[in-house]
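Below: one structure, written as structure tokens.
The values are calculated or read from the model by the stated rules, or taken from the named source; none is laboratory data. From a predicted model like this one, the values you see are computed outputs, not experimental measurements. A quick note on method: Cβ atoms are made from the backbone with ideal geometry, for glycine too, and the neighbour counts reach across all protein chains shown. We work out accessible area using only protein heavy atoms, side chains counted, and drop any ligands, DNA or RNA first. Shrake-Rupley method; radii C 1.70, N 1.55, O 1.52, S 1.80 Å.
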Amino acid sequence: MNLQETLKHYFGYDSLRSGQQELIDGILAGRDVLGIMPTGAGKSLCYQLPALLMGAAGRGVTIVISPLISLMVDQVKALNQAGVHAAYINSTLTEGQIRKALEYAGQGRYTLMYVTPERLGTAQFLDFAGKASLAMVTVDEAHCISQWGQDFRPSYLEIADFIDKLPVRPVVSAFTATATDIVRRDIVQNLRLESPVTIVTGFDRPNLFFKVVNRKGGRETDNSVLNYVKRHEGESGIIYCATKKNVEKVHELLVAHGISAGRYHAGLSMEERKRSQEDFTYDRLSVMVATNAFGMGIDKSNVRYVLHYNMPQSLEYYYQEAGRAGRDGEEAECVLFFSKQDIMINKRLLEHKVSSANAGIDDDELRANDQRKLNQMIRYCETDQCLRQYILRYFGDESPCTCDKCSNCVVTEEETEQSYITDKRAVKKMAVMADLTDEGMELFELLRAGRLELARKQNVPPFIICSDKTLKDMCIKLPRNSEDMKNVYGMGVQKTESYGETFAEIIDEFCLAHTEYVESMKAEALDSDNPGDLGTQGVESEKQRRKEKTVRKKEFYIDPNMLDDVEIVDECIVSELANRINELNQKQGITGMKKLTAAFINGLLQQNGYIEELDMDDGSKTKRVTSKGAEIGIREEERKAKFGRRYYAITHSRESQKVIITLLKEYFFTGYGEGIVE
Ligand code: ADP
């Protein structure tokens, strides 16, 4: 089988995604590769497919180094389901089982062999590796090799020595989702990759919708989270909290309201954590409330939302955690409930952070780094720019200014939450099924039940049988024989053989009772230019329709006459003044509009020469009051931030507050108020 046939046969896909082709070609040409792709982009396929091709060509087994046992177990199960011979070796196996697995691997019975990094240095494994033919060594979650990332694993540093000890150096491939420049350099250097083909596909996850929702914390955030979960009943979601205490509190709240939620944090016993994770993975629990201890091991692809009850410590953490939503490529939401208290909570957590083993990196330097990251996280919560753009820029990607898929670009439900609380009809259709008609949804539910039954029998999580996306494609293509079944997204030969009949029976029965639905699907197929791909065509046009329905958030505007009502106080900072102005609009019931920001007011002050922005010695910028500003009563005071950075705290007197009001009036009277451009 060639590459294309292998892809279709084992994985049921028709084409490779962007980046995958180059990495696979690199490996097959005998080059080292480094793949940096976001979660859900399909990194696994980049080594699994060449492993299959090289294995078939008699070049030996591929060793995959993976940091977590649960992750490797899921991967191996998924490969076995697809008909690929793969195994893992870890501490959950008995000595006898390990011996057997290595013996089989040595005989070339496995295409892929998953191991933890700690295993590599054992005499037994070195003995095996010295004798067996190894086609490739793959390093998954390669950022664990860098102490600049948050998942540093000292044993990753020993991988390069292991490779050096092999009689013949195999191809080395490394993959990660998180890699700032410094982490990327660490990976190449510490793994001693030899001029690797490096592909960075960009960090965008187009199927994720990002939201920041401002809440006061406590009861207000609790209510919002509860409402959200209720609106999304039946969907899988994760709620991240900063502390164990919050996990307990939110978990209790959800359970008290009849929601099937689990909890996960370091204070629970190993056993309890394991059970919780399993129940969630197997869809026995729909929601997981967790600290960031609930992490890398989750490979659940149908998580439809990730809520953050508290703001995390850095955008790296945030994007990684939020990124656990929508790994199946279907629409999913990431909502961060931000309250000012989160800043304090995180500062405290950072102060108590125990420094990990570090080779030559100064503790102060790491702390300053943490603080910088926290500040950038806070700015994400406060910005009124496109959130996706903010994230992508942080990771070094350029992106268009607006995305139409974040709460700063479009109005979101959270902002009109009140109306949803009592409106039961507002319970949302599951996102993945949003493209289906009511009848299509009915079939989807039947197929889901069928999948659950199959999963129970096989003792694997339902998403390992097949993804929601596969089920949805069945609802559109209505396959009733094995040929049609193989055309369904994600149904390879092995899966069609194992499960095709079960699904086809369900579809058959459904079609007999729903002839109109069958006709409408046929008609759609004819309407489409590409009859073979009616599923995606239907989905795409529906997506377009929905996109057109989303409402763009209006720029901030206030009736200039209303500005006379703004309360002037003895002294305040500029964001307090902005808040008071925003409240005036709120009192008028004006919604669906961006808020006036401190940054905008500062921009006006700067344009008019009252303040200026200066570069500091450490490369940061600070705002200073000019002599013109001092004349109208703007005051500044030099302060030192926790990590030594100097900055100036600027406050406004009654007089300067009045000047700001006048500037705003001028701005909106002149008609520029149609749009604030920063
Ligand atoms: P990552 O490791 O990058 O987070 P995965 O390897 O888990 O992502 O892949 C995410 C999902 O995308 C999986 O369900 C996988 O089967 C699917 N996938 C990968 N490559 C393709 C492809 N070429 N076509 C369709 N689906 C794909």
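Project the alpha carbons of segment 3-200 onto their principal axes and report the range along each, largest first, in whole Å.
42, 39, 30
When Lys and Arg each count +1 and Asp and Glu each count -1, what net charge do the other residues less than 10 Å away from Glu316, Cβ to Cβ, add up to?
-1
If we sort 39-52, 66-79, 567-580 on the protection proxy, mean other Cβ atoms within 10 Å, highest first, what's the order? Walk me through the intermediate numbers first.
Numbers: 39-52: 23.6, 66-79: 20.4, 567-580: 15.9.
Highest mean packing first, the order is 39-52, 66-79, 567-580.
State to the nearest 20 debye the size of the charge dipole of the chain about its Cα centre, where the only charges are +1 on K and R beta carbons and -1 on D and E beta carbons. Mind showing how you got there, number by number?
Details: 87 positive and 101 negative charges, 259 e Å.
For the chain, the charge dipole is close to 1240 debye.
Amide H of Ser173: which non-local residues (sequence gap of 5 or more, or other chain) have their own amide H closer than 5 Å, using H built in the peptide plane?
HN-HN under 5 Å from Ser173: Val33, Val137, Thr138, Val139.
Relative to the longest principal Cα axis of the chain, at what angle does helix 363-382 sit, 0 to 90 degrees, rounded to 10?
So the inclination is approximately 70 degrees.
Mind listing the long-range amide H neighbours of Glu333? Cut-off is under 5 Å, sequence gap 5 or more, other chains count too, H placed in the peptide plane at 1.01 Å from N.
Phe209, Tyr305, Val306
What is the ratio of the Cα radius of gyration of segment 182-317 to 2.2 N^0.38 Å, where N is its residue count, to two decimals?
Relative to the rule-of-thumb radius for its length, segment 182-317 sits at 1.23.
Taking all pairs of distinct Cα atoms, average 1/r, flip it, and tell me the Kirkwood hydrodynamic radius of segment 208-418 in Å to one decimal place.
Final number for the Kirkwood radius of segment 208-418 is 17.7 Å.
Compute the accessible area per residue over the chain, keeping the other protein chains in place, probe 1.4 Å, unit Å².
46
Percent of alpha carbon pairs in segment 87-139 separated by more than 16 Å?
On the way: 442 of 1378 pairs.
Result for the distance tail: 32 percent.
Could you give the angle, 0 to 90 degrees to the nearest 10, between helix 218-231's Cα long axis and the longest principal axis of the Cα atoms of the chain?
So the helix axis and the longest Cα principal axis differ by about 40 degrees.
Report, to two decimal places, the Cα Rg of segment 41-151 normalised by 2.2 N^0.38 Å (N = number of residues).
The reported ratio for this selection is 1.02.
What's the whole-number percent of alpha carbon pairs in the chain lying beyond 43 angstrom?
31
Report, to the nearest 10°, how far helix 468-477 tilts away from the longest principal axis of the Cα atoms in the chain, using its own Cα long axis and a range of 0 to 90°.
Here the helix axis deviates by roughly 80 degrees.
Kindly work out what percent of the DSSP beta bridges joining two residues of the chain are antiparallel, to the nearest 5.
Details: 15 of 66 bridges.
DSSP beta bridges in the chain are roughly 25 percent antiparallel.
What does the highest-first list of 389-396, 160-167, 478-485, 234-241 look like by mean Cβ count within 10 Å?
Ranked from most to least packed, the peptides come out as 234-241, 389-396, 478-485, 160-167.
Find out how many positive minus negative residues lie around Ile378, taking Lys and Arg as positive, Asp and Glu as negative, among other residues whose Cβ is under 12 Å from that of Ile378.
Net charge around Ile378: +3.
Below 16 Å Cα-Cα, how many Lys pairs turn up in segment 208-418? Only count pairs eight or more apart in sequence, or on different chains, if you could.
6
How would you rank 468-476, 84-92, highest first, on the average number of other Cβ atoms within 10 Å across their residues?
Most protected by this proxy first, the peptides run 468-476, 84-92.
Over the chain, with every protein chain in place, what whole percent of the accessible area is carbon and sulfur at 1.4 Å, could you tell me? Could you put the intermediate results ahead of the total?
Values: 15060 of 31270 Å².
C and S atoms contribute 48 percent here.
When the C-alpha atoms of segment 554-636 are aligned to their principal axes, what extent does each axis show, in angstrom, from largest down?
45, 27, 19
Using the crude model of +1 on Lys and Arg Cβ and -1 on Asp and Glu Cβ, and no other charge, please compute the dipole size for segment 181-253 relative to its Cα centre, in debye to 20. Before the final figure, lay out the partial values.
Working: 13 positive and 10 negative charges, 57 e Å.
Here the size comes out at about 280 debye.
Pick out, from Ala266, Ile506, Val250, the residue whose Cα sits farthest towards the positive end of the charge dipole of the chain, with +1 on the Cβ of Lys and Arg and -1 on the Cβ of Asp and Glu.
Ala266
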